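These notes concern the structure reproduced below.
FYI, it's all coordinate maths here, none of it is from the lab. These numbers were taken from a predicted model, which means no experiment stands behind them. Here the Cβ positions follow ideal geometry from the backbone for every residue, glycine too, while neighbour counts run over all protein chains shown.
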There are 2 protein chains.
Amino acid sequence: MGTVSKALSLLNYFNLSRQEIGLAELARLSGQNKATVYRHMTELLEHGLVEQVGSDRQYRLGPALIKLSSLREAAAPTREVSKKILQMLNEKTCETSHLSMIAGTQLNVTAYSYSSRHGTRVTMEDAEVISFHSTSSGLAVLAYSEAHFQDQILSRPLEKRTAFTITDPTKIRDMLDRIRDQGCAESVSGFEEDVHSIACPVFNAARDCIGAIAVAAPVARMNTDLKDITKDALFKASLEITQLMGGFPAHDYEALTGRILSTPLSG
Amino acid sequence: MGTVSKALSLLNYFNLSRQEIGLAELARLSGQNKATVYRHMTELLEHGLVEQVGSDRQYRLGPALIKLSSLREAAAPTREVSKKILQMLNEKTCETSHLSMIAGTQLNVTAYSYSSRHGTRVTMEDAEVISFHSTSSGLAVLAYSEAHFQDQILSRPLEKRTAFTITDPTKIRDMLDRIRDQGCAESVSGFEEDVHSIACPVFNAARDCIGAIAVAAPVARMNTDLKDITKDALFKASLEITQLMGGFPAHDYEALTGRILSTPLSG
DNA sequence: AACGACGGTTCAATAAATGAACCGCAACAA
DNA sequence: TTGTTGCGGTTCATTTATTGAACCGTCGTT
């Protein structure tokens with residue numbers, strides 16, 4: 001791992017619950033020498049990727065990120081495009097929909113949309129990081145990722161988020177086979193209690209899986225009818241979002257969804 | 001300059017007109033060795049700050065920026081806050097308003113807002129880079145920056161954007177003195193023909209100038225009345241935005257605006 | 001006044017970045 | 001077909017930049 005990666009890794013310690021971090025704490029968290037962290041942060045500071053705030057000179061993510069993400073959005077309007085498709089999804093399902101994308105070995109929620117149909121709903125956080133093994137999105141991504149990536153994820157310790165989380169790599173690998181057969185992944189209370197989610201993969205131009213689109217509902221509401229509606233809508237949405245990102249579905253996924261979507265919707 | 005800075009500098013070559021750049025071109029632009037650029041881009045790639053696209057594997061800004069800027073926005077909601085103040089500005093002036101922030105030695109437009117009052121209006125681009133010497137925002141920032149920074153900017157070649165652009169560093173330094181006397185900067189057709197803009201500085205917690213807030217109108221509409229209304233609104237807005245970003249105005253600016261705003265508005 | 005934790009700095013030791021040359025490939029021209 | 005050019009990506013000896021223990025001054029607590 002190069003110096004640049006070490007420096008950039010420091011950015012990962014900033015999240016919703018830890019927005020401002022001091023030098024010493026950053027050194028502790030990253031396990032690196034304080035002087036090293038200081039120099040890295042200074043370089044990030046010069047580029048506006050972080051800024052220092054307050055009398056104790058804590059670091060937080062910087063203003064340059066706003067500019068860069070604007071440019072990113074101009075170059076690849078994924079956010080805007082995603083939003084529309086997610087909205088269409090929760091019109092059809094009356095449930096929460098979200099899009100997540102692979103970033104390194106993490107899976108980040110990059111956009112989500114709520115339905116106002118029900119008083120209760122599954123809620124999301126901005127820029128939430130979700131796990132691969134315990135969410136439908138993560139499983140959908142894994143199922144359509146290359147073996148090397150699967151191994152990398154599944155060889156790490158798998159957090160048991162709830163009493164229902166499946167953490168046995170062998171069982172997960174079996175599930176991935178079934179997901180490829182069905183074209184979509186399901187997770188019931190694996191990441192959060194009482195959340196039933198269904199997800200389909202999203203692909204890039206090289207037909208690599210780069211993320212997933214999902215619908216999440218309270219367990220009680222996710223009955224057979226809603227499942228059918230959701231899966232149908234998700235298949236279409238995953239193809240659309242893949243296309244709008246300039247990607248193409250994996251060949252088997254393309255064939256599978258082609259078959260499913262050509263037959264009339266029913267149980 | 002460290003390795004990290006070199007790598008991060010590569011991100012600066014991506015802008016609105018150059019959204020996708022190949023390895024060779026990036027090496028040429030940055031004047032660095034191709035292998036070096038390749039390794040740096042690979043590291044940025046791993047962190048999702050850039051991504052590769054197309055058969056020619058060109059680079060463009062990556063999806064991680066969306067996540068990071070979401071987190072930045074959660075930690076320091078400057079964008080959201082700015083928007084409201086900018087909207088208030090164009091309610092008062094019926095003209096385009098925008099906020100720009102220093103990033104390194106660049107000045108970036110981070111937010112803008114249009115008024116729907118007139119059929120014609122000054123338009124902006126997302127993440128536009130504006131020059132220091134030929135815009136009211138740039139001049140306002142320079143006027144309230146430390147001498148070292150002024151020297152750095154004014155010693156570079158100053159682009160003559162229009163027939164009216166002032167590029168003589170001596171004249172510009174005289175202007176900066178007047179700007180500090182008046183508390184606001186003006187630019188008439190210096191950056192774009194037919195645009196008259198007025199700007200006030202914005203400060204951080206250390207009372208350093210970190211950006212400017214401006215109103216821009218077609219030259220013909222910027223009459224004495226509108227100027228008065230605009231300046232009054234800008235003084236208030238610059239203090240508000242400074243405060244909302246956790247900053248404090250420079251002592252002289254604080255005193256100046258205090259005097260101006262305590263006297264009744266008139267010509 | 002002594003203590004510990006903080007942000008920031010130093011400098012010899014060393015591990016990491018570097019770049020010329022290279023590979024294979026694709027597009028194009030003769 | 002053959003030769004050329006420019007591309008993305010890779011190699012490895014050279015060297016340059018990164019590293020971390022120890023340090024400084026400051027601040028709040030004891």
Residue mean of other protein chain beta carbons inside 10 Å, B:71-83: 5
J(HN,Hα) series, the range B:159-174, from Karplus relation 6.51 cos²θ - 1.76 cosθ + 1.60, nearest Hz, glycine and proline x: 5, 8, 5, 9, 5, 9, 5, 8, 10, 7, x, 5, 4, 5, 4, 4
Crossing angle, helix A:64-75 versus chain A [Cα axis fit, 0-90 degrees, rounded to tens]: 40
Whether the range B:76-262 is rounded, prolate or oblate, judged on the alpha carbon gyration tensor where a/c under 1.5 counts as rounded: rounded
Per-residue average of Cβ from other chains inside 10 Å of B:52-65: 5
Amide H partners (placed H, <5 Å) of B:LEU107, local residues excluded: B:ILE130
Among A:GLY211, A:GLY247, A:GLY22, residue whose mean-square fluctuation peaks in a GNM of chain A (springs only between Cα atoms under 10 Å): A:GLY22
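Please give the contour-minus-distance gain from A:MET88 to A:GLU159: 0.36 nm per residue of separation, less the Cα-Cα distance, rounded to one decimal in nm.
22.3 nm
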For the range B:119-130, Karplus couplings with θ = phi - 60° (6.51, -1.76, 1.60), whole Hz, Gly/Pro x: x, 9, 7, 6, 10, 10, 10, 4, 6, 5, 9, 10
In Hz, Karplus ³J(HN,Hα) per residue of the range A:138-149 (6.51, -1.76, 1.60; θ = phi - 60°; x = Gly, Pro): x, 5, 4, 5, 4, 4, 9, 9, 6, 3, 4, 5
Built amide H within the under 5 Å cut-off of A:ILE210, gap 5+: A:VAL202, A:PHE203, A:ASN204
Rounded tilt (10° steps) of B:34-46 against the dominant C-alpha axis of chain B: 70
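With a ≥ b ≥ c the root eigenvalues of the C-alpha gyration tensor of the range A:3-66, is it rounded (a/c under 1.5), prolate (a/b larger than b/c) or oblate?
Rounded is the answer for the range A:3-66, as its axis ratio a/c remains below 1.5.
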Distances in nm from B:ALA206 to the matching label points in the other copies, shortest first (labels 7 Å along Cα to Cβ): 4.2
Simple label model, 7 Å out from Cα along Cβ direction - A:ARG57 to B:ILE260, nm: 3.4
Under 21 Å between alpha carbons - lysine pairs in chain A that sit 8 or more apart or on different chains: 13
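Within a 10 angstrom radius of each residue's Cβ in B:13-20, how many Cβ atoms of other chains show up on average? Whole number is fine.
Average per residue, whole number: 3.
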Label spacing, shortest first and in nm, from A:ASP177 to its equivalents in the remaining copies (7 angstrom along Cα→Cβ): 8.4
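Could you tell me which of rounded, prolate or oblate describes the range A:130-231, using a ≥ b ≥ c as the square roots of the eigenvalues of the alpha-carbon gyration tensor, with rounded for a/c under 1.5 and, failing that, prolate when a/b is larger than b/c and oblate otherwise?
Numbers: a/c = 1.98, a/b = 1.19, b/c = 1.67.
It comes out oblate by the Cα gyration axes.
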Rotation relating B and A, chain A residue nearest the axis via C-beta, angstrom: A:SER69, 2
Mean Cα-pair separation over length for chain B, i.e. relative contact order, pairs under 8 Å, 6 or more apart, %: 15
Label point 7 Å beyond Cα along the C-beta direction, distances from A:ARG28 to other copies (nm, shortest first): 5.1
